[in-house]
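Novice: I have a structure here, written as structure tokens, and I will follow up with some questions on it.
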2 protein chains.
Amino acid sequence: MNLMSFFNRRTSAPVARERLQILLAHERGIVGGKSDLLAQLREEILAVVGKHLSIERDNVQVKMNRGADLSTLEIEVELPGPEVVRV
Amino acid sequence: MNLMSFFNRRTSAPVARERLQILLAHERGIVGGKSDLLAQLREEILAVVGKHLSIERDNVQVKMNRGADLSTLEIEVELPGPEVVRV
């Protein structure tokens, strides 16, 4: 299954809130590349996103997963929609 | 299926070359957020990655997909392994 279709399938219905998901996967190959590449990229990518979206502790989730060959980093920023006023 | 498992399943065998894949998905929600957020992030994220990996025209692929609710950006950087010398 194509990675794009994964995103499309998951979000066919329009969601109430604005959301940005970022996923990084680093395969080091048999030669072995930088083992801490994703840790370095994490702070810099959060800084880039922070210039465009308001990032606070309670609206961002960061998950890192370090494997021998494959490391992954998942960043999810969810922006609150307008408050729904009940009358 | 969890997004992480998608990556793990795709790359169970160690690959010869080092590879970095980045996927961004922006859901604008019913309120509608910035429509060109991914276009803005693309250049800045490529600049961040370029500080850590050598990015040239022939080893990076960028695919953008703009939808009404969901826009996605896929960046793939593949680094050549050492040349295999046949004797």
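Coordinate-derived values only; no laboratory data. Here the structure is a predicted model, which means the values were calculated and not measured. No Cβ is skipped: glycine too gets one built from the backbone with ideal geometry, and neighbour counts run over all protein chains shown.
Novice: How crowded by other chains is A:59-71, given as the mean number of beta carbons from other chains within 10 Å of each beta carbon?
Specialist: That works out to 2 on average.
Novice: For A:K63 and A:A47, calculate 0.36 nm times their separation in residues minus their Cα-Cα distance, and state this gained length in nm to one decimal. Present the calculation step by step, with values, prior to reporting the outcome.
Specialist: Details: separation 16, 0.36 × 16 = 5.76 nm, distance 1.63 nm.
Computed gain between A:K63 and A:A47 is 4.1 nm.
Novice: Once the label point is set 7 Å along the Cα-to-beta-carbon vector, what list of distances in nm do you get between B:G50 and its counterparts in the other copies?
Specialist: 2.3
Novice: Say a label goes 7 Å from Cα toward Cβ at A:I30 in every copy; what distances in nm does this one have to the rest, shortest first?
Specialist: Label-point distances to the other copies, shortest first: 5.4 nm.
Novice: How far, in whole Å, is the nearest Cβ of chain A from the axis relating it by rotation to chain B, and which residue carries it?
Specialist: Nearest residue, distance rounded to whole Å: A:L23, 2.
Novice: Using a 7 Å offset from Cα along the direction of the beta-carbon, what are the separations from A:G67 to the same position in each other copy, nm, ascending?
Specialist: Sorted ascending, the copy-to-copy spacings read 2.6 nm.
Novice: Determine, for each peptide in A:69-78, A:51-60, the mean count of other beta carbons within 10 angstrom over its residues, then list the peptides with the highest first.
Specialist: A:69-78, A:51-60
Novice: Can you compute the modelled spin-label distance between B:K34 and B:E76, with each label point 7 Å from Cα toward Cβ, in nm?
Specialist: 2.7 nm
Novice: Okay, next question. Which lysines have a Cα lying under 30 Å from the Cα of B:K34, excluding residues fewer than 8 positions away in the same chain?
Specialist: Partners found: A:K51, A:K63, B:K51, B:K63.
Novice: Mind jotting down the distance between the C-alpha centroids of the range A:29-80 and the range B:17-59, whole Å?
Specialist: Each part reduced to its Cα centre gives a spacing of 12 Å.
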